[in-house]
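Participant: Pasting a structure below so you can have a look.
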Amino acid sequence: MKKVLIINGGQNFGHSGGKYNQTIAENTLEVLKEFDNVEIKVTNVSENYDKHEEVQKFVWADYIIYHTPIWWFQLPNGLKKYIDEVFTAGHAKGIYMSDGRKAENPEINYGTGGMLGGRKYMLTTSWNAPATAFTLPGEFFDEKTVDEGPLFGFHRMNAFVSLEKMESFHFHDVEKNANVERDMKIYREHVRNVFEKELKSELVS
């Protein structure tokens, strides 16, 4: 039985009601329930949570799936607060032990003190920006992908605690030109393909 933790970073703030990421999380759950060898837990960061219980969820999980809107090119405040609190509470308790360096040679091995080795994570993000803002020459993100550009630090954060990256999925232009039915169909197929490969490889090994 493989264990999956879904973290829904959507929240009600300003003109955002968090409904889009709630829909993404529900679609993730729907696909994962197709697999009979998967156990699932869900955290909604907009609800009350116990940071120590959340640490235990990370330790428990084989896979972590983050769902987050992007506000001002970064994680929204509620998800950032959740990560700050939970990862800090996880020091020496299953998330990370140290920054990995040794006193005798502090110039090397930074970022090798994570404790979540053997686990993987997947990221979804939702943007007002169209996909072309990342791909076309002269457009806003200078032809850098979401993962290489705005979310680079997020991925290094996960590497710091020894999580291995799975293929991300990014929703674009969701405020002005959303096609929820189409996008969720494509997304469900993404989740299905990713986990079919993951769970098949687990059975083989």
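Participant: ILE186 to GLU167: extension gain in nm, 0.36 nm per residue of separation minus the Cα-Cα distance?
Facilitator: Details: separation 19, 0.36 × 19 = 6.84 nm, distance 1.39 nm.
Full-extension gain reported as 5.4 nm.
Participant: How do TRP127, TRP72, TRP60 rank by accessible surface area computed with a 1.4 Å probe, from largest to smallest? Provide the component values of the computation, followed by the final result.
Facilitator: Working: TRP127 10, TRP72 210, TRP60 50 Å².
From most accessible down to least: TRP72, TRP60, TRP127.
Participant: As a test question: what accessible area, to the nearest 10 Å², does LEU75 have when a 1.4 Å probe is rolled over all protein chains in place?
Facilitator: Near enough 40 Å² of accessible area.
Participant: As a test of reading the structure, rank TYR96, TYR187 by solvent-accessible area (1.4 Å probe, protein chains only), most first.
Facilitator: Working: TYR96 55, TYR187 0 Å².
Result of the area sort, largest leading: TYR96, TYR187.
Participant: A further question follows. Taking loop as defined by DSSP and a crowding limit of 14 other beta carbons within 10 Å, which trypsin sites (Lys or Arg not before Pro) in the stretch 108-205 fit?
Facilitator: Values: sites: ARG119, LYS120, LYS144, ARG156, LYS165, LYS176, ARG182, LYS185, ARG188, ARG192, LYS197, LYS200; in loops: ARG119, LYS144, LYS176.
Sites meeting the loop and neighbour criteria: LYS144, LYS176.
Participant: Applying 1/(1 + (r/R0)^6) with R0 = 41 Å to the Cβ-Cβ distance of ASN128 and THR88, what FRET efficiency is obtained, to the nearest 0.05?
Facilitator: 0.85
Participant: Using a simple spin-label model with points 7 Å from Cα along the Cα→Cβ vector, what separation in nm is obtained for TRP72 and ALA178?
Facilitator: Each label point is offset 7 Å from its Cα along the Cβ direction, giving 2.2 nm.
Participant: 7 Å from Cα along Cα→Cβ at both VAL59 and TYR110: what's the point-to-point distance in nm?
Facilitator: 2.9
Participant: Now, a different point. Tell me, what is the percent relative contact order of the chain, built from C-alpha pairs under 8 Å that lie six or more residues apart? Present the calculation step by step, with values, prior to reporting the outcome.
Facilitator: Working: 333 pairs, mean separation 40.5, N = 205.
RCO, the chain: 20 percent.
Participant: Looking at the stretch 46-199, send over the antiparallel percent of its DSSP beta bridges, to the nearest 5.
Facilitator: If I count the DSSP bridges inside the stretch 46-199, around 20 percent turn out antiparallel.
Participant: Right, next: Give, in nm to one decimal, the length gained when the segment between PHE35 and THR135 is fully stretched (0.36 nm per residue of separation minus the Cα-Cα distance).
Facilitator: Extending this stretch completely gives an extra 32.5 nm.
Participant: Please list MET157, MET97 from largest to smallest accessible area, probe radius 1.4 Å, with all protein chains kept in place.
Facilitator: Values: MET157 45, MET97 95 Å².
In descending accessible area the options line up as MET97, MET157.
Participant: To continue, here is another question. How much accessible surface does THR88 have with a 1.4 Å probe, in Å² rounded to 10?
Facilitator: For THR88, solvent-accessible area is about 100 Å².
The values are calculated or read from the model by the stated rules, or taken from the named source; none is laboratory data. Quick caveat, the model's predicted, so the values are computed rather than measured. We place every Cβ from the backbone using ideal geometry, glycine too, and count neighbours over all the protein chains shown. Quick note on the areas: whole protein, heavy atoms, side chains included, nothing else; ligands and nucleic acids left out. Shrake-Rupley method; radii C 1.70, N 1.55, O 1.52, S 1.80 Å.
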